[in-house]
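What follows is one structure encoded as structure tokens, with my remarks underneath.
The values are calculated or read from the model by the stated rules, or taken from the named source; none is laboratory data. Because the structure is a prediction, the values reported are computed rather than measured. As a convention, Cβ positions derive from the backbone with ideal geometry for all residues, glycine included, and neighbour counts pool all protein chains shown. Accessible surface areas use protein heavy atoms only, side chains included; no ligands, DNA or RNA. Shrake-Rupley method; radii C 1.70, N 1.55, O 1.52, S 1.80 Å.
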Amino acid sequence: MFKRTGFIFNADDCINCKACEISCKNENQTPMNIQWRTVKKVAPELYLSLSCNHCDSPECFRVCPERAFIKRKDGIVQIDENLCTGCQLCVSACPYQAPQFNPETRKVSKCQMCYPRQDIGMVPACVEACTTGALNLVDLNTFEDEQTVRNLPGFSDVTVTNPSIIFYPLKPRKRYFLQ
Amino acid sequence: MKDGVYRNTCPRNCFGTCGILSYVKNGRLMKVTGDPKHGYTKGRLCAKGYASTQFVYNTQRLKYPMIQSPRGSGNWKRISWDEAYSIIAGKIIELNQRFGSNLASGYNKFSGNLGFLHYAVEGMFNSFGPHTKPVGNPCALTGKLAVNQAFGHNFSSNPEDMADTNLIVIWGANPAVTNVHQMKFIYEARRSGAKFIVIDPIFTRTAEKADVYIQINPGTDAWLAFGIAKILIEKGIDDEESIREQTIGWDQYKHFIHHQIDLSDVSKRTGVPTEAMEVLAEFYGNLKPAVTWNGLGIQRNDRGSHSISAINSLAAMTGILSNPNSGLYYMHFDIEHFPQLLLNHQGPVHPNITKSRDIDISNYSKNALALTEPPLKFLWVASRNIITQDQNLKSWHQLFNQLELIVTVDLYLTKTAKHSDIVLPAASHFEEEDLNVGYWHYWLSINQKSIPPYYEAKSDLQIARELTKKLNELSPGFSNFPFEKEPIDWIKEELTPEIMRQYSLTSYEDLLEGPHKKIEIAHSMPDSEKFRLLPSKETVTEQLQSENLKKPLTYRLLTPQTLLKIHSQYELVPWLNQEQTEDIIELSSTAAIQHEIDENTKIEIYNQHGFIIGTAKINPTLPNQVVLASQAGNNPINQLITQTDDKGANGSSTFFYDSMVNIRKWREKNV
Ligand code: SF4
Ligand code: SF4
Ligand code: SF4
């Protein structure tokens with residue numbers, strides 16, 4: 001693999017504003033109940049903005065009988081909806097609820113890491129929308145920062161699929177609650 | 001409309017006033033992005049902005065003018081614009097004949113769209129001569145007057161400069177929810193070592209991010225500011241001489257702080273431990289430049305004016321007057337520097353009535369009911385959702401009963417529209433031209449018409465043009481509204497040579513290339529002016545007394561903005577309403593135990609004005625005496641809010657946060 005493009009999410013900076021989530025809908029005009037990216041409160045003060053993690057060992061790719069998934073050289077895991085028959089094996093196999101089944105079209109879709117944008121040198125729509133800079137892209141083959149962690153509470157086991165996402169955790173803060 | 005990318009501006013009552021790029025194909029809005037040329041929003045929008053396509057193409061949007069009879073029945077009938085204009089103009093003229101003036105006709109408009117051209121509503125009414133009109137500002141007036149009183153003019157620092165400071169202290173504002181774009185400047189400062197402090201009764205999303213969060217009893221901000229001033233003064237102020245010179249009343253202020261402020265008393269009142277005060281005083285004393293942000297929240301109670309004055313005084317003694325990079329934030333009113341030609345349009349002179357009847361908008365319904373000779377008979381509602389947002393609802397219902405015609409202009413069939421006789425479909429900001437200027441940042445931007453109107457929707461300006469034309473057809477000379485003027489003419493006239501200079505514009509077309517920022521932004525005050533320190537003895541005594549009045553019910557109801565709405569706007573946009581938020585009532589663990597209330601059970605909050613049923617959510621960080629609920633929804637919280645009679649001669653904001661309620665478990669029989 002030439003590149004391993006992944007997300008880097010700073011939980012300490014994220015304010016749960018949901019601009020990333022809605023900007024994905026704006027960019028991709030996904031139907032009402034299809035959420036390629038969701039921001040969730042997973043613990044007090046901890047919010048995670050998650051989409052498909054474009055895993056290194058994608059379970060979706062492994063289980064799909066139609067070979068609808070491909071792993072691109074830059075790391076993006078892409079689904080070709082035309083090949084999808086709606087069996088939903090990927091939906092159950094993915095540890096992160098990334099593939100979304102649309103009962104109307106009977107097809108699965110998911111975050112494509114905005115490859116059409118990346119192919120012309122733009123960042124994904126969700127990354128562009130994040131006003132705090134909490135959500136970014138990195139090449140995980142070369143990126144190093146001791147302060148990052150591979151997992152946070154509320155995120156699923158990372159050993160199965162080796163997801164292409166790393167995190168900055170919350171920093172401790174001083175609080176004075178009412179006496 | 002040609003395919004391509006257009007410039008729009010979000011016109012909401014919001015700190016962002018974001019620059020939008022609209023992608024249009026075959027006359028349809030395909031998507032939006034932020035405008036990268038906007039130096040404050042920097043190419044980003046908030047979640048609501050990103051939901052624009054759904055806000056525009058929404059099956060719940062009003063498509064045609066409609067009339068319902070009887071009012072409130074839901075028995076709506078589509079009518080043509082011409083029929084609507086005929087009915088409305090007929091009524092206005094008939095009232096004029098009956099009462100000999102237009103005083104029986106009035107409007108209620110507020111902040112639904114802050115674009116310059118939406119003053120067409122005011123301009124239209126002005127064009128009839130004397131009528132009945134709202135005055136004041138329920139949202140921000142108290143703070144505005146307090147800032148004015150201290151600095152001699154309105155003033156709020158440049159928000160981008162917050163990135164270059166060493167201390168940021170936010171009193172009662174929650175930018176992580178209501179002003180998301182500001183967070184990046186705060187983080188930028190923090191990355192270069194600044195300290196970020198939040199003082200708020202609620203442990204908000206912004207508070208979660210602060211280096212130091214200080215929880216405070218609601219309405220006691222002035223005391224905390226006095227307490228910090230006390231610590232600083234006792235330690236000795238380095239540049240006391242220059243503070244004395246730059247201010248009026250330094251010695252009295254010092255004397256007051258020294259003799260009347262006692263830290264353990266402050267601690268008792270505010271609930272803030274002395275240790276936290278020491279920390280804050282240490283920061284205020286040593287970290288320069290420092291910025292202080294007066295949030296709107298602290299002036300939503302009857303002590304708001306004192307709070308802002310006390311905080312300003314603290315800022316004055318800690319560098320705002322001497323250090324050019326320090327800052328004081330509230331909001332600014334630079335829009336008032338524009339000609340605002342529609343707002344200020346001069347109508348015809350009436351032979352014996354010299355001016356319009358003013359009604360304080362913070363108490364509109366009560367004041368309107370009190371009017372006689374003539375009573376108010378016709379009401380026009382625009383940019384406003386009274387039924388979910390205004391207080392004193394009981395008197396609103398009385399007023400509605402007295403009104404012979406109610407017309408509401410809106411994009412959606414709001415609760416207020418449902419109480420009207422006629423609804424007129426309003427254009428979204430993508431379907432009309434406008435000009436916008438921020439009230440937080442200093443950017444001026446254009447709003448192009450980027451798509452054709454949704455069905456028969458029209459802008460406030462277009463409606464004003466057509467209705468006044470109809471009035472003149474039926475009664476020649478009734479209105480002097482310049483209906484032949486196009487939106488672009490109005491926009492160009494706002495851009496006077498002086499405004500062009502201030503925003504470095506050579507022509508209107510410059511704005512089509514991107515937003516422009518004001519070049520000179522007032523820093524604190526001109527040299528000739530002096531800062532007026534507070535308090536004078538009288539105001540403090542007054543304050544002490546007002547605090548002794550014990551309110552009969554025990555919980556203070558706070559109803560701040562939620563993330564995905566602005567007041568009731570966006571409540572019908574499905575992308576933004578996937579989670580249940582609206583009927584949640586948050587209460588403290590202590591209150592939950594006291595009333596034996598479990599999480600997720602139905603509870604009722606009530607006072608003499610009514611009751612609201614909601615789902616209990618126990619918030620362990622909430623002060624014991626506070627109940628938190630959101631605005632709008634099916635069961636709007638404003639039912640429990642009334643404005644007490646106005647005390648200040650110049651008016652005030654609405655003291656939404658002075659509403660007191662009690663709690664009980666919900667039982668069928670209570671209903
Ligand atoms: S997150 Fe799920 S859908 Fe995405 S690559 Fe990994 S396994 Fe596949
Ligand atoms: S990368 Fe693109 S498709 Fe994926 S979540 Fe972000 S905006 Fe949506
Ligand atoms: S846009 Fe950024 S700050 Fe907002 S929720 Fe998403 S990741 Fe968090």
Counting other Cβ atoms within 10 Å of each Cβ, which trypsin sites (Lys or Arg not before Pro) in segment B:1-56 have at most 12 and sit in a DSSP loop?
B:Lys2
Quick one: which residues, 5 or more positions from B:Leu534 or on another chain, have an amide H under 5 Å from its amide H? H modelled 1.01 Å from N in the peptide plane, none for Pro or chain starts.
B:Ser313
Dipole of chain B, positive end: most advanced residue of B:Gly143, B:Thr270, B:Trp575 [Cβ charges, Cα centre]
B:Trp575
Can you run phi through the Karplus equation (6.51, -1.76, 1.60; θ = phi - 60°) for segment A:81-94 and list ³J(HN,Hα) in whole Hz, with x for Gly and Pro?
4, 5, 7, 6, 9, x, 6, 6, 4, 5, 4, 7, 7, 5
Which of the trypsin sites (Lys or Arg not before Pro) found in segment A:94-179 are in a DSSP loop and have at most 12 neighbouring Cβ atoms, other than their own, within 10 Å?
A:Arg106, A:Arg150
What residues have an amide H closer than 5 Å to that of B:Met30, excluding those fewer than 5 places away on the same chain, when H is modeled at 1.01 Å from N in the peptide plane?
B:Tyr23, B:Val24, B:Lys25
C-alpha long axis of helix B:141-151 to longest principal axis of chain B, angle in °
50
Any lysines with Cα under 24 Å of the B:Lys377 Cα? List them, leaving off those in the same chain fewer than 8 positions away.
B:Lys77, B:Lys91, B:Lys109, B:Lys133, B:Lys355, B:Lys366, B:Lys394, B:Lys415, B:Lys418, B:Lys469, B:Lys470
Of the options B:Gly477, B:Gly152, B:Ile451, report the single residue whose Cα projects farthest towards the positive end of the charge dipole of chain B (beta-carbon charges: Lys, Arg +1; Asp, Glu -1).
B:Ile451
Could you give P(r) for chain A, binned at 10 Å from zero, as whole percent values over all Cα-Cα pairs?
9, 37, 37, 12, 3, 1, 0
For segment A:119-131, Karplus couplings with θ = phi - 60° (6.51, -1.76, 1.60), whole Hz, Gly/Pro x:
5, 10, x, 9, 7, x, 4, 5, 5, 4, 6, 6, 6
In segment B:408-515, GluC sites (Glu not before Pro) in a DSSP loop with at most 14 other beta-carbon atoms within 10 Å:
B:Glu484
Kindly provide the pair-distance distribution of segment B:312-389 built from C-alpha pairs, with 5 Å bins from 0 and whole-percent values in order of increasing distance.
3, 8, 12, 13, 16, 12, 9, 9, 8, 6, 4, 0
Report the accessible surface area buried between chains B and A, summing both sides, using a 1.4 Å probe on protein heavy atoms only, in Å² rounded to the nearest 100.
3500
Amide H contacts of B:Thr247 (H built 1.01 Å from N, under 5 Å, at least 5 apart or other chain):
B:Phe531
Run the accessible area of chain B with a 1.4 Å probe and give the carbon-and-sulfur part as a rounded percent.
51
Based on the Kirkwood radius over alpha-carbon pairs, what is the Stokes-Einstein translational diffusion coefficient of the protein assembly as shown at 4 °C with 1.567 mPa s viscosity, in µm²/s?
45
Cβ-placed point charges (K, R +1; D, E -1), dipole of segment B:1-120 about Cα centre in debye, nearest 20:
440
Pairs from B:Lys458/B:Lys485; A:Lys107/B:Lys25; B:Lys63/B:Lys458; A:Lys18/A:Lys73 whose Cα-Cα separation, in the structure shown, is over 20 Å
A:Lys107/B:Lys25; A:Lys18/A:Lys73
Cysteines not pairable in chain A (beta carbon separation under 4.7 Å absent):
A:Cys14, A:Cys17, A:Cys24, A:Cys55, A:Cys64, A:Cys84, A:Cys87, A:Cys94, A:Cys114, A:Cys130
Rolling a 1.4 Å sphere over the protein heavy atoms, what is the accessible area per residue of chain A, to the nearest Å²?
46
Degrees separating the helix B:182-191 axis from the principal Cα axis of chain B, which is the longest one:
30
Quick one: which bits of segment A:11-39 get at least 40 Å² less accessible when the partner protein chains are in, versus the chain alone, with a 1.4 Å probe?
A:Asp13, A:Ile15, A:Cys17, A:Lys18, A:Ile22, A:Asn26, A:Gln29, A:Met32
No solvent, one uniform scatterer per C-alpha: report log10 I(q)/I(0) for chain B via the Debye equation at q = 0.05, 0.08, 0.11 1/Å, two decimals.
-0.24, -0.63, -1.20
Centroid-to-centroid separation of segment B:167-226 and segment B:273-294 [C-alpha atoms, Å]:
12
Measure nothing but the geometry: give the 0 to 90° angle between the long axis through the Cα atoms of B:304-315 and the longest principal axis through the Cα atoms of chain B, rounded to 10°.
50
Helix-derived mean residue ellipticity, 222 nm - over the protein assembly as shown, DSSP H n ≥ 4, -39500 (n - 2.57), to 500:
-7500 deg cm²/dmol
Counting heavy atoms of the protein chains only and a 1.4 Å probe, report the per residue accessible area for segment B:110-241 as a whole number of Å².
23
Where does segment B:99-243 land on Rg/Rh, using Cα atoms and the Kirkwood Rh?
1.11
Averaged across A:169-176, how many Cβ atoms of other chains sit within 10 Å of each residue's Cβ atom?
6
Can you compute the charge dipole magnitude of segment A:47-112 about its Cα centre, using +1 on each Lys and Arg Cβ and -1 on each Asp and Glu Cβ, nothing else charged? Give it in debye, rounded to the nearest 20.
100
Taking the alpha-carbon centre of each part, the distance from segment A:50-114 to segment B:228-245 in Å is 65
